[in-house]
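Taking it in order: structure first as structure tokens, then the write-up.
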Amino acid sequence: MSAVRLIVLSLGGNQGNVGAALARAVALVGALPQVRLTAVSDVYRTPAWGRTDQPDFLNMVALGETTLSPHALLARTQAIEHDLGRVRGERWGPRVIDIDLVVVGDESCDDPTLTLPHPRAHERGFVLVPWLNADPTASLPGHGPVRDLVANLDTASIVRVDDLMIALP
């Protein structure tokens, strides 16, 4: 039997009905065999990162556990992205949905398809602010408490979307 690993997923998008895409993505991830979601953050409006000449994103984090290997979880989340209309084009470009694996247990991985923990999570407010919202005691392996990481970032442009709530499946 495979070990249970805690997972942190970052979800976001900036094309089409992003709220509906986020809700559907959470439902589909939660329905995956060998995955159990335990918490979701509030949704936040955040400026585009990397390529800034595009609409703001809506971002959130989902927490849970899985017995899937990191690569199997990646394959399943990418299939969900595809099913929801994600077209992989330019890096950091607009998208209807994005599901990033931030942490999968204490797994460390650095290969052409997956790097864990996520290599830039510690500098991305759009990941850290929702993660802190979902788990005030969270810690990013190799970087420390998420609360401390958020305190060192400019998060003034990250705004909670009060009229959009995504529920656990």
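What to note about this one:
- For His122, the test of being surrounded by 15 or more Cβ atoms within 10 Å (Cβ to Cβ), touching a residue at least 24 places away in the same chain (Cβ under 8 Å) and part of a helix (DSSP H, G or I) is passed.
- Contacts under 9 angstrom Cβ, first residue in segment 145-169 being open to solvent by less than 40 Å² (accessible area, probe 1.4 Å), partner of a type in the set (Lys, Arg), 6 or more apart: Ile158/Arg45; Val161/Arg45
- Verdict on Arg76 being among the basic types (Lys, Arg) and either within 21 Å of Ala21 (Cα to Cα) or open to solvent by 20 Å² or more (accessible area, probe 1.4 Å) (or both): yes
- Pairs meeting the criteria (first residue in segment 43-56 and more than 15 Å from Ile97 (Cα to Cα), second residue open to solvent by 80 Å² or more (accessible area, probe 1.4 Å), beta carbons under 8 Å, at least 6 apart or on different chains) are Gly50/Arg91; Gly50/Trp92; Arg51/Glu90; Arg51/Arg91; Arg51/Trp92.
- Scanning segment 14-36 for residues that are closer than 22 Å to Asp163 by Cα, in contact (Cβ under 8 Å) with a residue 24 or more places away in the chain and not in a helix (DSSP H, G or I) returns Asn14, Gln15, Gly16.
- Trp92 passes every criterion in (1) over 19 Å from Trp131 (Cα atoms); (2) open to solvent by less than 60 Å² (accessible area, probe 1.4 Å); (3) of a type in the set (A, V, I, L, M, F, W, C); (4) modelled with pLDDT under 95 apart from (2).
The values are calculated or read from the model by the stated rules, or taken from the named source; none is laboratory data. All values derive from a computational prediction rather than experimental measurement. When we count neighbours, we look across all protein chains shown, and the Cβ atoms used for this are built from the backbone with ideal geometry, even at glycine. Accessible surface is based on the protein model in full, side chains and every heavy atom, while ligands, DNA and RNA are left aside. Shrake-Rupley method; radii C 1.70, N 1.55, O 1.52, S 1.80 Å.
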